[in-house]
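To start, the structure itself, in structure tokens.
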Amino acid sequence: MKDSMCYENIITQTIVGDFVHLHNVHVDVLRLDLLHPVISGNKWFKLAHYLGEAIEKKATAIATFGGAYSNHIAAAAYACKMYGIPSIGIIRGEEPRQLSHTLETAKHNGMQLHFVSRTEYKNKDELQKHFNFPGALYWIPEGGYGQHGVKGANKIMQFADDGSSYTHIACAAGTATTLAGIIGAVHHQQKVIGFSAMKNNDTLETELRTLLHDEDLKKDFSVCHDFHFGGYAKHPSPLIHFMNDTWQRYSLPLDFVYTAKAFYGLLQYIHQQKIPAGGKVLFIHSGGMQGNLSLPDGSLLY
Ligand SMILES: *Cc1c(COP(=O)(O)O)cnc(C)c1O
């Protein structure tokens with residue numbers, strides 16, 4: 001499947017700062033956010049195989065699920081437009097008077113939005129079964145969760161300059177599909193840490209394990225639930241302050257839903273010496289930058 005992603009834009013950025021010397025660690029960031037302005041980062045990797053199958057099966061349209069800040073919805077809408085496939089988004093919650101920037105973009109890219117109550121949204125099988133559509137509809141699970149998503153995310157490590165040289169790989173987790181792909185691509189001596197963007201998402205480890213092959217279950221991975229900053233998409237001022245500070249110190253732009261919380265978590269791990277001296281860390285910048293446009297004007301310095 002041909003695509004128009006700018007793979008050559010992906011860089012490995014070394015973080016230069018006092019804490020690096022203080023704790024004797026090396027921190028690199030794999031900038032997947034530079035892949036594409038809308039389908040940025042992990043979302044393209046997770047979508048690619050679903051889209052491939054939809055095209056192969058000659059689907060009339062693609063349908064998927066997401067909330068008001070869903071980068072998956074924004075990416076799916078854009079990718080479908082790119083391939084000329086009509087798209088449908090089943091959106092959690094009643095239709096608001098003012099659409100979030102994310103949903104506005106999805107709509108602008110031709111996605112038909114269907115709002116369903118939070119209760120209805122919980123039962124996706126029912127929604128899928130009763131969705132009235134003339135023609136062959138191809139359903140992509142919420143957030144690209146599933147084996148096709150993992151298969152795509154498996155390729156992420158190939159973009160790091162010397163992927164096998166890292167002792168630790170850290171990334172943000174929503175559905176943990178990206179995490180599963182990364183775990184599948186690393187060797188047994190490497191540690192993978194996922195930072196959950198949600199509060200009390202206690203089924204996350206189970207969902208992650210479901211995605212992993214037997215061989216990968218033996219690898220060294222963990223999920224941290226401590227840095228959600230109040231919950232999914234919550235953005236208290238200390239988080240915004242941290243994002244501006246990270247931009248000023250390291251020229252690293254982060255998104256408020258996922259990567260800012262994960263990077264904050266990683267720095268805490270370094271300060272707490274959970275990453276031992278001599279450690280070489282790769283932080284996966286999974287993208288999501290379009291989400292920042294939902295913040296009030298002037299919140300960020302970038
Ligand atoms: C969706 C998203 C994630 C979470 O990815 P999962 O594969 O669902 O765990 C992480 N970071 C960003 C920027 C995202 O948009």
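The values are calculated or read from the model by the stated rules, or taken from the named source; none is laboratory data. As the structure is a prediction and not an experimental result, all values here were calculated from the model. Glycine gets a Cβ as well: all are built from the backbone with ideal geometry, and neighbour counts include every protein chain shown. What goes into the accessible areas is simple: the full protein's heavy atoms, side chains included, and nothing from ligands, DNA or RNA. Shrake-Rupley method; radii C 1.70, N 1.55, O 1.52, S 1.80 Å.
Residues whose amide H lies under 5 Å from that of Cys224, counting only those 5 or more places away or on a different chain, are Gly194, Phe195, Ser196; hydrogens are built 1.01 Å from N in the peptide plane.
Residues whose amide H falls under 5 Å from that of Leu113, counting only those 5 or more places apart or on a different chain, are Gly89, with hydrogens built in the peptide plane. State in Å² the accessible area per residue of the chain; use a 1.4 Å probe, count heavy atoms of protein chains only, and round to the nearest integer. Per residue, the chain has an accessible area of 45 Å².
For the stretch 290-302, the Karplus equation 6.51 cos²θ - 1.76 cosθ + 1.60, evaluated at θ = phi - 60°, returns couplings of 4, x, 4, 5, 7, 7, x, 3, x, 5, 10, 8, 9 Hz by residue, with Gly and Pro reported as x. Less than 5 angstrom separates the built amide H of Ala170 from those of Ile193, Leu282, Phe283, Ile284, all sequence-distant by 5 or more or on a different chain. The packing ranking, built from the mean of other Cβ atoms within 10 Å per residue, places the peptides 125-135, 152-162 in the order 152-162, 125-135, highest first. If you roll a 1.4 Å probe over the chain with all protein chains in place, what percent of the accessible area is carbon or sulfur? The C+S portion of the solvent-accessible surface of the chain is 50 percent. Toward the positive end of the charge dipole of the chain, with +1 on the Cβ of Lys and Arg and -1 on the Cβ of Asp and Glu, the farthest Cα among Gly163, Asn200, Leu252 is that of Asn200. When you count the other C-beta atoms within 10 angstrom of each residue and take the mean per peptide, 40-53, 242-255, 197-210 line up highest first as 40-53, 242-255, 197-210.
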